[in-house]
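Report on the structure given below.
Nothing in this text is a laboratory measurement; each read-out follows from the coordinates by a stated rule. Fair warning: this is a prediction, and the values are worked out from it, not measured in the lab. Methodologically, a virtual Cβ is constructed for each residue, glycine included, from the backbone with ideal geometry; neighbour enumeration extends over all protein chains shown.
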Amino acid sequence: MATDHIPDRPSWRCRSCGNPWPCAPARHHLAARLDKAALATHMWAQLDDAFGDQPTGPPAEMFDRFIRWTH
Ligand SMILES: [Zn+2]
């Protein structure tokens, strides 16, 4: 189930497949469930949470991982 592909915090790895979240199934599920604007808003909120958990993560890398794929 794609709904099992949720982030484990504070590691932000997928609880189901262990890949950095959002993994491919999670992206697919989110894109199917939300329109583009809602998806971008949702992922910005996730990114904000991830920065709160991992303030040392490289911002450019985090942006690519959370936001760039939504465009
Ligand atoms: Zn996954």
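The listed residues are MET43, MET62, and the only one of them that is more than 13 Å from the ligand (Cβ to nearest atom), touching a residue at least 24 places away in the same chain (Cβ under 8 Å) and either part of a loop (DSSP other than H, G, I, E, B) or touching a helix residue (DSSP H, G or I) at 6+ places or on another chain (Cβ under 7 Å) (or both) turns out to be MET43. Return the total of residues in segment 21-40 being touching a residue at least 40 places away in the same chain (Cβ under 8 Å) and exposed (fewer than 15 other Cβ atoms within 10 Å of the Cβ). Result for segment 21-40: 0.
Condition check: without any contact (Cβ under 8 Å) to a residue 24 or more places away in the chain, within 14 Å of the ligand (Cβ to nearest atom) and loosely packed, with under 15 Cβ neighbours inside 10 Å. Does GLY52 satisfy that? No.
Reported count of residues in segment 1-27, each being within 10 Å of the ligand (Cβ to nearest atom) and in a helix (DSSP H, G or I), is 6.
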